[in-house]
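Each value in this text was obtained by applying a stated rule to the coordinates, not by laboratory testing. In this text, all values refer to a predicted model and were calculated from it rather than measured experimentally. Using ideal geometry, Cβ is built from the backbone for each residue, glycine included, and neighbour counts are taken over all protein chains shown.
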Amino acid sequence: MTGERLPPVQGEWIDRETPVCFSFEGKPFSGFSGDTVSSALWASGQKILGRSFKYHRPRGIFSLANHDINAMMQSGGVPNIRADITQIRNGMELFPVNTWGGLSRDRARILDHLSAFLPVGFYYKAFYGKRLFPYWERLFRAMTGLGRVDFSQPRQFTAKEHDFCSIAVVGAGPSGLSAALSAADLGADVVLVDENGHPGGSGHYQRGGDDSQWRTTEALWAKVLAHPRIRTRADTCAAGYYADHWIPLVSGQKMTKLRAGAVIFAMGAFEQPAVFRNNDLPGIMLASAAQRLIYRYAVRPMRNAVVLCGNSDGYRAALDLLAHGIRIAAILDFREADGSGSSRRVQDLGVPVHFGKCIYEAMPTADGKGVAGVRVARFQGGQALAGSGLEEISCDGVAVSVGWAPAANLLYQAGARMLFSTTLQQFVPGAFPQGIFACGRLNGVYGYGDRLQDGASAGQQAAAFLGYGECGPRPRFLEAAGPSHPWPVVPHPSGKNFVDLDEDLQLRDYANAIQEGFDSPELLKRYTTNGMGPSQGKHSSMNALRILAHYTGRAPGETGTTTARPFFHPVPLAILAGRGFHPERHTPMHEEHVALDAVWMRTGEWLRPEYYRSAGLDRAAAIQAEVRSVRQNVGLIDVGTLGKLEVSGPGAAEFLERIYLPRYANLKTGMTRYAVMCDEAGTVLDDGVVARLSGDLFYFTTTSSGAAGLYRELVRLNTLWQLDCTLANLTGAHAAVNLAGPKSREVLGLLADVDLAPASFPYLGVRQGRVAGIPARILRVGFVGEWGYEIHVPSSMGTALWKALLQAGRAFGIRAFGVEAQRILRLEKGHLIVGQDTDGLTTPFEAGLDWAVRMDKPFFVGKRSLQILSRTPPRQRLAGFVLESPLPGAIPEESCLVVQDGSIAGRITSIACSAACGAWVGMAMVDRELAAAGTAIRIRLASGALVRARITALPFYDPGQSRQKEVPCD
Amino acid sequence: MTSPTPVRTSPIPGLLQEATQAGGGSMILSDRSLGNRLGLKGRHAAGFLETSGIPVPDRPNTYRSGQGLLVLRLGVSEFLLEGRHPALTRIGAVAPGLHPFPREDCSLFMAGTGTGDLLRQTCSLDFGSWDPESRSLALTVLAGIGVTLLKGAFQGLPCYLLWCDYSHGPYLWKTISSLAMETGGYVTVPSGSAGLPDGKGIFPAEES
């Protein structure tokens, strides 16, 4: 391996025995197992890794930590993988996103020269005018967007799981390791999470030319691994914080919802860039990125470096560069002095150090794709004194170390109160919510030993919070020097001094936005789009805040911050969606329907046969055949989806009186009655049948989709009413079928031990007995308008019942029928379906259910509203209609509008072709004036054409009820 | 009129009938849907059970076992009884404050190392920290449906009894079996097979 690969480095993450081959823009590359895409490319000499979002400027490694998006790539069908943190695999085919013609020849790089025409707020201003809105929209859609979605990719089903622990520690750097160990030592069950594949955080790569801190970190990690009460999750990001210590942990494979008793945030800090002209050239990177390259991947970040400092960390980074043979042309320090031992060591090694200096601008190479040197100016009073002469220093890279911003996003989300420390020049926690703790750099503690101590203390506090041991007050640490420079910003008249690299935002964009009045953090963020790119402000928010404070004459602590919301890192949609659960319910006879070649439809969660395929018949013909079977012989339908409830006790009748509109106190034992209920507003809510099985025991049915919700509501009502009765939900415990047709009695007679003679088992009667030896409740009801029986049996015997009935009915031409045939049959009979022929506003008076409303009852749900409604005629009525001269292709569908004098006068709720009536019949909710039988109406088709129909009295079929009963009912 | 002997069918008939192995088999699954089961509600339900000599859990969301019965207290006045006991035949029809009703549940026995992963992916409760000695049961949501679940121990491994609505049985089986395949495979054992607990041995010993 040649190029920029260093000799073996202690603790490197790569496996030099395992080479990995991949391609980038069609060219072959290789690296080692453990390399990320960025590190492998950099090691091979490929320094341009991407193009910027707006100006298409060349970009290289900047943070090497997913804190910027300079290197986002398309890998096959997967868009926007983060090259900094994505490991290479053999055969990977990678392409940069957001280029027009490849990295080197990106045609959109012309935009870099047009930046003067794309000022801050350009998008918003472009959309001011309606006329050009479509033009801009199309242009922006064509120009923007990262990555390409490949719709042919197979859907990924990722797991989503729950996990639990006493204490979650987020971040496995020195303080996080220390916190996990101390909490676990006290007895807590700890989960330690880190976004990297290897632990240690900055303890691994910020060595200052000395391996002792790394060795200490490694020793801590070994203890963690051996600890029986610590579970570790590497390569996992804590992507957000939700109430009650709920944290979504996102790995490459899945999301885990971790519920913890307490949370310790030890997420460290993001290194922040300095703002100077051309600070985004490939080769200019954060010092921590250079250190990561060296210690994680053994890659030389640059050969001839300039180090730009605003703190002592820069000198430690310089020592790391020197330790690996990298020449340092100069160290430039914004400050006038540095008292750390590191700076003295650097100077002792002969490195020229320039205090009070800044980079005025970086000079690009001739091709503009790298850095050739820097122009240095005196930095005084927060200004670069460019007029006093600029010194030029040649280099091929710049390592920038000017400050840190705490990785406090989750801490904000958890509700911690953050205060700005002028000493540290960063926000630190001022007050924590219950069970939330922080340590390390996030807590404003920077010294290595201090971080270990701070972590241990946080671990003890969290453990004590959960009752494991006791702890004293948290130790306080004093930083010798502020780790962050208060103003690492160098204005330049020609701009291109970037603050937010995601969005290509320059310093003057902020000045202009503030001048235009967007002078609060939230407004500034939205107008400039600072922090709204994929890296979510990790490298830009702190500098933006400093700039806002600077231009508005305030301290950063006075400006406040923007709101931190989940997710902290972008989460792939496949992971976010995870595995979906879509419950479905089968009736006990499901397999029998499968055997009969049912075509399925969903009714709520239920799967029901819509109809059964029949050889040589299309859908309509098959349904008509089922209808014909019921009208002429006998049919069998599975109605097990009906809600089936019981209420018992001395207060049972009173309970039913209150929930339903009709009267039930006078219902005789052994009889059933139609049931319809309203809500408090008098809106029809549900219907069914109530059967009185004995004095204090009623069995009643509800609509299929309403059963679960209705049962909950009934339980709630009886909790309020405290009637002496008990409710039980038997919906799943009972199978039910409807045996209907003129020969149904003969079929049932072969199997039932109940006297089916009309005199002893009249219409609307209910009997308990056995059918085919199965204990059954038999209700003589006629939803489809024929002689029929609804038979309810235990679910486990539903299949046996179904088979027995089909067997017994074979000689009578029995046929299973589905929901569509049932809908036609009931429509012919004029029976409404709640939810189809009614809607969320329909009253019983509108639905033609006036006869069911018993206003003489002292109370029922909705009575007061219905009393008020009854004072005026209903605005609309449900009415039957028959199409006049129906033509093929001109048949209205449900929900088609009834039109009268050019206005909407109603809508179709049900329509079907009735063989029994020899016509297309339907029901429509129409204006009251149109509801009288014989009225001509016009229905508008989806095409806009109008068809004629005539209102007809209901029912369409057997108005004398002669087919479903032989003796008058009570 | 004919009176054939009624045949009961499980919501998961295939699982009941055959011993199968899918994948590595880190989980034992058994269909126990056709067990003898009864629901009992009403203000006198607890009193009736006590006077019948049936062990009564002293608070909701707990269970007791003994005398061939598993008694789950699902609420202040609601019980699920599973097994056979002479007193159950005396319940018969409803009486004031006492409402017996049929329970036709889908019920599964699950045991093995794979159960932890399975439950973590389908339910938000922390079963890992549950102590079987507490005789706790959960009325919770698993894979989007309402279930009753209790934890025991079987041959030194965690095991669970699960009840859900009969109609959800096929969905639950499809969901559990596919997840089990991802977490190490499963073995199905016909209910009542030798070596499979019928309730005894997986619950903590009763004090009386």
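For a distance above 26 Å, tell me the whole-number percent of Cα pairs in region A:845-970 that qualify.
Beyond 26 Å sits 34 percent of the P(r) for region A:845-970.
Give me the percent of DSSP beta bridges within chain A that run antiparallel, rounded to the nearest 5.
The answer is about 75 percent antiparallel.
Over the alpha-carbon set of region A:537-591, work out the extent along each principal axis and list the three values in angstrom, largest first.
77, 18, 12
In the neighborhood of A:Val351, defined by Cβ-to-Cβ distances under 12 Å, what is the net charge if each Lys or Arg adds +1 and each Asp or Glu adds -1?
+1
Given the alpha-carbon gyration tensor of region A:590-648, what are the semi-axes of its equivalent ellipsoid in whole angstrom, ordered largest first, with each equal to the square root of 5 times an eigenvalue?
Equivalent-ellipsoid dimensions as semi-axes: 25, 15, 10 Å.
In percent, what relative contact order does region A:212-293 have, based on Cα pairs under 8 Å that are 6 or more apart in sequence?
It rounds to 14 percent for region A:212-293.
Do any trypsin sites (Lys or Arg not before Pro) in region A:88-166 lie in a DSSP loop with no more than 15 other beta carbon atoms within 10 Å, and if so, which?
A:Arg89, A:Arg105, A:Lys130, A:Arg131, A:Arg148, A:Arg155
Binned at 10 Å from 0, what are the whole-percent values of the Cα-Cα distance distribution for chain B, short to long?
Spelled out per bin, shortest first, that is 8, 35, 36, 17, 4, 0.
Using the Karplus curve 6.51 cos²θ - 1.76 cosθ + 1.60 with θ = phi - 60°, work out ³J(HN,Hα) for each residue of region A:134-141 in order, rounded to whole Hz, and write x for Gly and Pro.
x, 4, 5, 4, 4, 5, 5, 5
Before anything else, pin down the relative contact order of region A:313-465: Cα pairs under 8 Å, at least 6 apart, normalised by residue count, whole percent.
13
Among A:Gly283, A:Thr216, A:Ala238, which residue has its Cα furthest toward the positive end of the charge dipole of region A:156-306, with +1 on Lys/Arg Cβ and -1 on Asp/Glu Cβ?
A:Gly283
Suppose every Lys and Arg Cβ carries +1 and every Asp and Glu Cβ carries -1, with no other charges. What dipole size does chain A come out with about its Cα centre, to the nearest 20 debye?
1120
Could you compute the FRET efficiency for B:Lys174 and A:Ser251, with r as their C-beta to C-beta distance and R0 at 22 Å, rounded to 0.05?
Approximately 0.25, to the nearest 0.05.
Please list the equivalent ellipsoid semi-axes of region A:1-124, computed as the square roots of five times the alpha-carbon gyration tensor eigenvalues, in descending order and whole angstrom.
The three semi-axes for region A:1-124 are 30, 15, 13 Å.
Can you tell me the orientation of helix A:819-828 relative to chain A, as the angle in degrees between its alpha-carbon axis and the longest Cα principal axis, to the nearest 10?
Helix A:819-828 sits at roughly 50 degrees to that axis.
Is there a simple number for the mean count of other chain Cβ atoms within 10 Å of the Cβ of residues in B:161-169, and what is it?
6
For A:Ala172, enumerate residues with amide H under 5 Å from its amide H, sequence gap 5+ or separate chain, H modeled in the peptide plane.
Amide H neighbours of A:Ala172: A:Glu195, A:Gly200.
How big is the shadow of the Cα convex hull of region B:1-111, averaged over all directions, in nm²?
Taking a quarter of the hull surface, the average projection is 9.5 nm².
From the residues A:Ala330, A:Ser648, A:Gly176, which one has its Cα farthest along the dipole of chain A in the positive direction, the dipole being from +1 and -1 charges on Cβ of Lys/Arg and Asp/Glu about the Cα centre?
After comparing all options, I get A:Ser648.
Over all Cα pairs of region A:104-197, how is the pair count split among 5 Å bins, expressed in % and running from 0 up to the last occupied bin?
For region A:104-197, the binned pair fractions read 2, 9, 10, 11, 8, 7, 6, 9, 12, 11, 8, 5, 2, 0 percent.
Return the FRET efficiency for the residue pair A:Asp244, A:Arg476: r is the Cβ-Cβ distance, R0 is 30 Å, and the value is rounded to the nearest 0.05.
Efficiency, rounded to the nearest 0.05: 0.50.
Using a Gaussian network model of chain B with C-alpha springs under 10 Å, which one of B:Tyr171, B:Tyr186, B:Tyr160 is most mobile by mean-square fluctuation?
Among B:Tyr171, B:Tyr186, B:Tyr160, the largest mean-square fluctuation in the Gaussian network model of chain B belongs to B:Tyr171.
Can you give me the angle between helix A:707-721 and the longest principal axis of chain A, using Cα atoms only, in degrees from 0 to 90, rounded to the nearest 10?
Orientation of helix A:707-721: about 90 degrees from the principal axis.
No solvent, one uniform scatterer per C-alpha: report log10 I(q)/I(0) for region A:486-575 via the Debye equation at q = 0.13, 0.17 1/Å, two decimals.
Taken in order of the listed q values, log10 I(q)/I(0) reads -0.41, -0.68.
Could you pull out every residue, at least 5 positions away or on a different chain, whose amide H is within less than 5 Å of the one on A:Gly60? Hs are placed 1.01 Å off N in the peptide plane, and Pro or chain starts have none.
Here the answer is A:Leu49, A:Gly283, since their amide H atoms fall under 5 Å of that of A:Gly60.
Please give the Cα centre distance for region A:550-593 versus region A:838-878, rounded to the nearest Å.
What the calculation gives is 44 Å, centre to centre.
How high is the relative contact order of chain A, given as a whole-number percent (alpha carbon pairs under 8 Å, six or more residues apart)?
The value is 9 percent.
So what is Rg over Rh here for the protein assembly as shown, counting just Cα atoms and using Kirkwood for Rh?
Dividing the radius of gyration by the Kirkwood radius yields 1.07.
In whole angstrom, note down how far apart the Cα centers of region A:1-43 and region A:729-752 are.
The distance from the Cα centre of region A:1-43 to that of region A:729-752 comes to 73 Å.
Cα-based Rg of region A:599-750 per 2.2 N^0.38 Å, rounded to two decimals?
Dividing the Cα radius of gyration by 2.2 N^0.38 Å gives 1.22.
To the nearest 10 degrees, how steep is helix A:212-226 against the longest Cα principal axis of chain A, on a 0 to 90 scale?
Result, in degrees: 30.
Can you list residues whose amide H is under 5 Å from A:Asp163's amide H, if they're 5+ apart or on another chain and H is modeled 1.01 Å from N?
Correct list: A:Lys257, A:Leu258, A:Arg259.
Just from its helices, what would the mean residue ellipticity at 222 nm be for chain A, if runs of 4 or more DSSP H residues each count -39500 (n - 2.57) and the sum is divided by every residue, rounded to the nearest 500 deg cm²/dmol?
Calculated at 222 nm, the ellipticity per residue is -6500 deg cm²/dmol.
I'd like the Karplus ³J(HN,Hα) series for region A:585-594: coefficients 6.51, -1.76, 1.60, θ = phi - 60°, whole numbers in Hz, and an x wherever there's a Gly or Pro.
Coupling constants for region A:585-594: 10, 10, 6, x, 8, 3, 5, 5, 5, 4 Hz.
How large is ³J(HN,Hα) for each residue in region A:545-559, as worked out from phi by the Karplus curve 6.51 cos²θ - 1.76 cosθ + 1.60 (θ = phi - 60°), to whole Hz, x for Gly and Pro?
5, 4, 5, 4, 4, 4, 6, 9, x, 10, 8, x, x, 8, 7
Between A:Phe117, A:Val97, A:Met73, whose Cα lies farthest towards the positive end of the dipole of region A:1-150 when Lys and Arg beta carbons carry +1 and Asp and Glu beta carbons carry -1, centred on the Cα centre?
A:Phe117
Quick check on chain B: of the DSSP beta bridges with both residues there, what percent are antiparallel, nearest 5%?
Expressed as a percentage, antiparallel bridges in chain B total about 95.
How many angstrom lie between the Cα centre of region A:322-371 and the Cα centre of region B:136-191?
Each part reduced to its Cα centre gives a spacing of 64 Å.
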